[in-house]
Structures are given as C-alpha cells and as structure tokens.
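Before any comments, here is the structure.
Read-outs: derived from the displayed coordinates by stated rules, not from any lab. This is a predicted model, so every value here is computed, not measured. Methodologically, a virtual Cβ is constructed for each residue, glycine included, from the backbone with ideal geometry; neighbour enumeration extends over all protein chains shown.
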Amino acid sequence: MSKRAAKIFTPGWIAGKAAGLRKYLGFPAIGFVHPMDALDRVVSKPLDKSGTIYGDYEIVPDSTRFIPDGNAAYTDLDQRKIYIRERAVAQFARGKFGIEAFDVFHEIGHLVIHCVNKDVTRIVPDDYVYKNAMEDPERQADVFAAEFYVPAEDAKRKTYVDIIREYGCSSSMAMRRVKECNPTTYY
Ligand SMILES: [Zn+2]
C-alpha cells in the first residue's frame, strides 16, 4: 500500500476510458450500473487488447486488515485483484449504494488504468509532492469512478435530486456531478 505516482492522464481521457468500459462490458452509456454486476463483467473479459490480462475480485470479511479504514474495497495492483468488504456487498443487496458503490468503481478504475500496463505507476517516497493533481493515481481512479457511476452525459441534463434517485449515489456526489458536468447550472 505504498504511495505511487502515475503517468499523467487528463480528466477527459479518463472519462473516455470509463465510457469505453461501460460499452465494452455491455452496459448502456447512461443509467445505473450495479457495482457487483460491474465487477462480475470486468473480470470476465480481458483488460488488454492482446486478450491475455484479466482482473479478479474477492469478497473478504469486514475485519480484513489490508483494506484501509473507511474504504469498502482495495486493489492489489500487482495481483490485479480487487478485495471488497462483505458488508458493502450486503449493503448493495439491500439496495443501498452511495459511497461504497463509488469505492468499487474507483477500484475498477485502478484495474483498467493502472493494472494493464504496470509501468503506468511507480512507487514514490511518502513525502513525494505531486507536481500535478492528475499525477495522483487515487485522483485518476476518482475521476474514472465519477464518470463510470454517473456519466456526464446524464449529469448535465438532470437535477441532483433525479441523479440521487436514479443512481443511488450520495447527495454530495450528485451535487458535484451536476456542477462539474454543467458549470453554468446550479440547483
Ligand atoms: Zn485507490
């Protein structure tokens, strides 16, 4: 769980990657995607063009220590594997999504951006200061998750109340998506 720096990808490039993954996995361009359905599909298809690299995921007990406190999931970049807490899976089964669903999409972002070509990230000292916010792989995975979870195409034409209802995301995330996808409109 060492600190890493990544090759710089623009938010636009990352959003394109998220939209492309929805299509590749057979999901519609907009609309709610169940996080467990996304996990099942993402591990069933190769992540790379040559068709040899696959991701994996495993549901683990809530007591699992290597998942950071407060996170629903964690990705081992070397194993190309997502570990997800069973409490998050149970929560999804009750129809509650929110930040835990965002966490799953964040980890899927690591899988498709940082695990296919491992040279994309490098380990840096803990006191390393990013020269650009988009050099932070965590920031990159967040940009990916926001677009995969609530696509801009939908966020820019809906109210945040509609977005919460349709996607089950947190109110702060819905508010942020409406603002960042349509900067001239505030609700
Ligand atoms: Zn992360």
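Would the stretch 49-96 count as rounded, prolate or oblate if I go by the C-alpha gyration tensor, calling it rounded below 1.5 in a/c and otherwise prolate when a/b exceeds b/c, oblate otherwise?
oblate
For the chain, modelled as a GNM with alpha-carbon contacts under 10 angstrom, which of 18, 29, 90 fluctuates the most?
The residue that fluctuates most here is 90.
Past 31 Å, Cα to Cα, is the threshold; run 45/96; 7/96; 49/96; 81/156; 23/131 against it and keep the listed order.
From the list (45/96; 7/96; 49/96; 81/156; 23/131), the Cα-Cα distance tops 31 Å for 7/96; 49/96; 81/156; 23/131.
7 Å from Cα along Cα→Cβ at both residue 49 and residue 123: what's the point-to-point distance in nm?
3.0 nm
Please arrange 56, 119, 154 by how many other C-beta atoms lie within 10 Å of their C-beta, fewest to most.
The order, fewest Cβ neighbours first, is 119, 56, 154.
Placing +1 at every Lys and Arg Cβ and -1 at every Asp and Glu Cβ, with all other atoms neutral, what dipole size does the chain have around its Cα centre, in debye to the nearest 20?
Charge dipole, the chain, about its Cα centre: 480 debye, nearest 20.
Under 16 Å between alpha carbons, and skipping anything fewer than 8 positions from residue 158 in its own chain: which lysines qualify?
179
Rounded to the nearest 5, what is the percent of antiparallel bridges among the DSSP beta bridges in the chain?
Counting only bridges with both partners in the chain, antiparallel ones make up about 60 percent.
Going by how many other beta carbons lie within 10 Å of each one, how would you line up 75, 121, fewest first?
If I rank by nearby Cβ atoms, fewest first, I get 121, 75.
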